[in-house]
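The values are calculated or read from the model by the stated rules, or taken from the named source; none is laboratory data. None of these values were measured; they are calculated from a predicted model. Cβ: placed from backbone, ideal geometry, glycine included. Neighbour counts: every protein chain shown. The protein model used for the area step is the full one, side chains on, heavy atoms only, and it has no ligands, DNA or RNA in it. Shrake-Rupley method; radii C 1.70, N 1.55, O 1.52, S 1.80 Å.
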Amino acid sequence: MAQQLTQTEIHYFDRHLKLSGFGREAQQRLKAARVLVVGAGGLGCPVLQYLAMAGVGHVSVIDADTVSYHNLHRQVLFSPGDVGNNKAETAVRRLAAQQPLVRFTAYAEALSTSNALSLVGGHDLVIDGTDNFETRYLVNDACVIQGVPFVSGAIDRYTGQVSVFNYAGGPTYRCLYPEPPAECGSCAIDGVLNVLPGIIGTLMVNEALKVLGGYGEVLAGRLLLVDIRGNGYQQFSFSAVEENKHIQALQTSYVPEAESGGRPVEVSALPGGALLVDVREAWEYEEGHADDHINIPLHELPQRAAEWAGNDRTVVFYCTTGKRSRMAVEVAKKHGIAAIAERLG
């Protein structure tokens, strides 16, 4: 139900209210809306900022990760003083200072099968800015079960994509991606130009405003592909698969142990003679590490494979949260090695 605007809000959103095809009615719908943003990283930061400035009444964000120095060139809500702090909580503090007309809630945890249904069910729309297929499938299935639409975006080096799923009877994420692609890029390994998350993030918010405000043509059943290096914008359509609309329960496993936190590294519990590889950045490694571990930053693993892939020892990757170590395991798979992902205690 649309909520009446206060005089302060009428003044603040003056340019929205004057906008033909949007106006007061759409703004009131935004005020009444509750949106859950999954991930406060490269995509999540511009998404959160523009949702808040647009006047979405209640914005929630969930992210278990902490701010790292290498995040700062693209994750625009964070500053050097925020390094080491939880992303969701830090983002909410910054946004609350910028936009006092909106309510914010931070969840300093990972989205999981134990909390996904309750969180998704408490919101009108979900925006997924995560960087792995396990979480995307979890978001999709929870949204299908709860009848909530969601906007999804992804980035890779110079390209990005945006679509809207589970909207007005349209296709779900599983209709577009029945299985994860065999090849999937990673910003941590391949890099990303800092403007790309901003471009894709604002396009994601635009779709959210369409869904919530009732204006424009929603990207349901269509995938928008963006190539910022070649100035290319393409769309292609995909159809709904009926069985994907009738998911009844979450799967028992979406996110591997390392992605949801994993176990702290316990050397005594690892295979004898294991090669322990710290995949954090060099500056993180220098701040504290074990003497019997080697440091190879995640993005250097492919080029330095001879240092970790050329022997018969079990390879154990680890980092602060387990996220980068899980990505390292995927790199190892491409070299025909079954590695283990762990995290620091």
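Quick notes on this structure:
- In this structure, PRO178 does satisfy being over 16 Å from the mean Cα position of the chain (by Cα) and modelled with pLDDT under 95.
- Residue match in the range 75-84 (condition: closer than 30 Å to HIS299 by Cα, open to solvent by less than 60 Å² (accessible area, probe 1.4 Å), of a type in the set (Val, Ile, Thr) and in contact with an Asp or Glu (Cβ under 6 Å, 6 or more places away or on another chain)): no
- Checking PRO178 against (1) outside any strand (DSSP E or B); (2) open to solvent by less than 40 Å² (accessible area, probe 1.4 Å); (3) in contact (Cβ under 8 Å) with a residue 60 or more places away in the chain, the condition it does not meet: (2)
- Residue check, THR8 part of a helix (DSSP H, G or I), open to solvent by less than 10 Å² (accessible area, probe 1.4 Å) and polar (S, T, N, Q): no
- Within the range 182-228, the set of residues being over 21 Å from ILE127 (Cβ atoms) and at pLDDT 95 or above comprises just one member, ASP227.
- Within the range 50-70, considering residues that are more than 30 Å from LEU17 (Cβ to Cβ) and open to solvent by less than 10 Å² (accessible area, probe 1.4 Å), the one farthest from the chain's Cα centre (by Cα): VAL67
- Scanning the range 231-253 for residues that are open to solvent by less than 90 Å² (accessible area, probe 1.4 Å) and over 19 Å from GLY153 (Cα atoms) returns VAL241, ASN244, LYS245, ILE247, ALA249, LEU250, GLN251, SER253.
- Taken over the range 85-101, the criterion of being open to solvent by 40 Å² or more (accessible area, probe 1.4 Å) and over 21 Å from VAL195 (Cβ atoms) is satisfied by ASN85, GLU89, ARG93, ALA96, ALA97, PRO100, LEU101.
- Positions within the range 49-108 being part of a loop (DSSP other than H, G, I, E, B) and farther than 24 Å from GLU284 by Cβ, in sequence order: GLY55, VAL56, GLY57, GLN99, PRO100, LEU101, VAL102
- The residue of the range 301-340 that is surrounded by the most Cβ atoms within 10 Å (Cβ to Cβ), among those that are of a type in the set (Asp, Glu) and modelled with pLDDT under 85, is GLU330.
- Contact annotation: residue pairs with Cβ atoms under 8 Å, 6 or more positions apart or on different chains, pairing a residue in the range 204-217 that is free of Cβ contacts under 8 Å to residues at least 40 places away in the same chain with a partner that is assigned to a helix (DSSP H, G or I) and open to solvent by less than 50 Å² (accessible area, probe 1.4 Å), are GLU217/LYS210.
- Sole residue being modelled with pLDDT of 95 or more, touching a His at 6+ places or on another chain (Cβ under 9 Å) and β-branched (Val, Ile, Thr), chosen from THR90, THR105: THR105
- Taking the criterion of being within 19 Å of TYR215 (Cβ to Cβ), without any contact (Cβ under 8 Å) to a residue 24 or more places away in the chain and open to solvent by 20 Å² or more (accessible area, probe 1.4 Å), the residues of the range 11-40 that qualify are ASP14, ARG15, LEU17, LYS18, LEU19, SER20, ARG24.
- Residues of the range 102-119 satisfying the condition of being under 30 Å from PHE13 (Cα atoms) and either open to solvent by 30 Å² or more (accessible area, probe 1.4 Å) or β-branched (Val, Ile, Thr) (or both): VAL102, ARG103, PHE104, THR105, ALA106, TYR107
- Taken over the range 114-140, the criterion of being assigned to a helix (DSSP H, G or I) and more than 16 Å from the chain's Cα centre (by Cα) is satisfied by LEU117, SER118, GLY121.
- Residue selected from the range 121-174 under the condition open to solvent by less than 40 Å² (accessible area, probe 1.4 Å) and of a type in the set (Ser, Thr, Tyr), by the criterion farthest from ALA240 (Cα to Cα): THR130
- Test result for GLY44, within 24 Å of TYR137 (Cβ to Cβ), open to solvent by less than 50 Å² (accessible area, probe 1.4 Å), out of contact with any Phe, Trp or Tyr (no Cβ under 7 Å at 6 or more places or on another chain) and not aliphatic (A, V, I, L, M): yes
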